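The values are calculated or read from the model by the stated rules, or taken from the named source; none is laboratory data. Predicted model only: the values in this text are computed from it and were never measured. Note that each Cβ is placed from the backbone with ideal geometry, even for glycine, and that neighbours are counted across all protein chains shown.
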Amino acid sequence: MDLPALAEYVAETLDIGPGTRVFEVDCGNGEFLFPFYSNGYIVGGSDGDRAAIEHALVEMPEGMFTVGMAAALDPTTPWDAVVCRSFAGAPGLDYMRGLVSRMFAKAMHGIALLNVPEAHHRALMHALTEVGAKAIQIEGNNLFARV
């Protein structure tokens, strides 16, 4: 799935629209967020690669981007929707569960866990239930939940 189509799919599934604040964990250069930005969403993200964050800021100057690893995600600054596309490369289930907890704490409306290996669906659904997520759904290798 191309990134604009993936962004539209996430927006439809989480039932969000222009003006919504969307934050991506491990956002790289922000390429996934660009369709949101172009359509009037407020975007932000974090990534451990300083050069990638600098590129994101050039492409989306009003975006709120920070250099930082997903494991250090700061849940104190709230966003409407929090997305992570890097679950396929996550180092392990404990890491994923901790990230889900921090994402949920940061989100005010919903979260999207994209590219989740099927072997981890059940454990992450349990993690979402533990943090109080509502309306949990699985679509392919993607998990969505409402706060």
Selection count, the range 59-80, where residues are within 17 Å of I111 (Cβ to Cβ) and either without any contact (Cβ under 8 Å) to a residue 60 or more places away in the chain or part of a helix (DSSP H, G or I) (or both): 9
Long-range neighbours under 6 Å by Cβ, at least six apart or interchain, first residue assigned to a helix (DSSP H, G or I) within the range 5-17, second not aromatic (F, W, Y): A7/P35; V10/A112; L14/A81; L14/G110
Residue list for the range 75-95, restricted to those being touching a strand residue (DSSP E or B) at 6+ places or on another chain (Cβ under 8 Å) and within 30 Å of E118 (Cβ to Cβ): W79, D80, A81, V82, V83, C84, R85, S86, F87
Sole exception among (1) crowded, with 18+ Cβ neighbours inside 10 Å; (2) in a loop (DSSP other than H, G, I, E, B) for A56, by number: (2)
Among (1) closer than 19 Å to N141 by Cα; (2) in a helix (DSSP H, G or I); (3) among the β-branched types (V, I, T) - the single one V83 does not satisfy: (2)
Close pairs (6 angstrom Cβ cut-off, 6 or more residues apart or separate chains): in contact (Cβ under 8 Å) with a residue 12 or more places away in the chain in the range 130-146, of a type in the set (V, I, T) anywhere: N141/V116; L143/V116; F144/T13; A145/I111; A145/I136
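Give the range 110-147 a look and list any residue that's among the hydrophobic types (A, V, I, L, M, F, W, C) and on the phi > 0 side of the Ramachandran plot, or say none.
First, pick out the residues of the range 110-147 that are among the hydrophobic types (A, V, I, L, M, F, W, C): 111-114, 116, 119, 123-125, 127-128, 131, 133, 135-136, 138, 143-145, 147.
If the condition is that a residue be among the hydrophobic types (A, V, I, L, M, F, W, C) and on the phi > 0 side of the Ramachandran plot, then A135 is the only one that fits.
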Strands (runs of 3 or more DSSP E) contained entirely in the range 93-147, each with at least 1 residues that are surrounded by fewer than 19 Cβ atoms within 10 Å (Cβ to Cβ) and at pLDDT below 95: 134-139
